[in-house]
Amino acid sequence: MNWKTVISEIKAGLGITQAQIAKRIGISQISVSDLETGRTKDPRYATGVALMNLHRKAARKLTAQEPTHG
């Protein structure tokens with residue numbers, strides 16, 4: 001899993017910071033930073049699940065904002 005991409009897309013999609021991500025999923029901002037920079041490659045299972053849930057939420061928000069062509 002490329003956590004840098006996941007976290008970057010969460011930040012872009014939801015317009016939130018590393019600190020806000022950390023607060024939402026119950027870890028430290030430093031842990032989010034370590035994942036985003038690649039310093040940590042394998043988060044705890046619960047952290048990975050929480051990040052993927054936020055990522056899905058961000059993706060849905062971005063998809064809803066896309067203009068429709070017709």
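The values are calculated or read from the model by the stated rules, or taken from the named source; none is laboratory data. Given the structure is predicted, the values throughout are model-derived calculations rather than measurements. Cβ coordinates were reconstructed from backbone atoms using ideal geometry, including for glycine residues, and neighbour counts include every protein chain displayed. Heads up: the accessible areas ignore ligands, DNA and RNA and are worked out on the full protein's heavy atoms, side chains in. Shrake-Rupley method; radii C 1.70, N 1.55, O 1.52, S 1.80 Å.
Values computed for the structure shown
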item: Hits in the range 20-45 (condition: at negative phi, in contact (Cβ under 8 Å) with a residue 12 or more places away in the chain and not polar (S, T, N, Q)); result: ILE21, ARG24, ILE25, ILE27, VAL32, LEU35, GLU36, LYS41, PRO43
item: Scope the range 11-31; condition open to solvent by 40 Å² or more (accessible area, probe 1.4 Å) and among the hydrophobic types (A, V, I, L, M, F, W, C); matching residues; result: ALA12, ALA19, ILE27, ILE30
item: Failed condition for SER8, given (1) in contact (Cβ under 8 Å) with a residue 24 or more places away in the chain; (2) open to solvent by 60 Å² or more (accessible area, probe 1.4 Å); (3) among the polar types (S, T, N, Q); result: (2)
item: Tally of residues being part of a helix (DSSP H, G or I), surrounded by 14 or more Cβ atoms within 10 Å (Cβ to Cβ) and over 12 Å from the mean Cα position of the chain (by Cα) across the range 32-60; result: 1
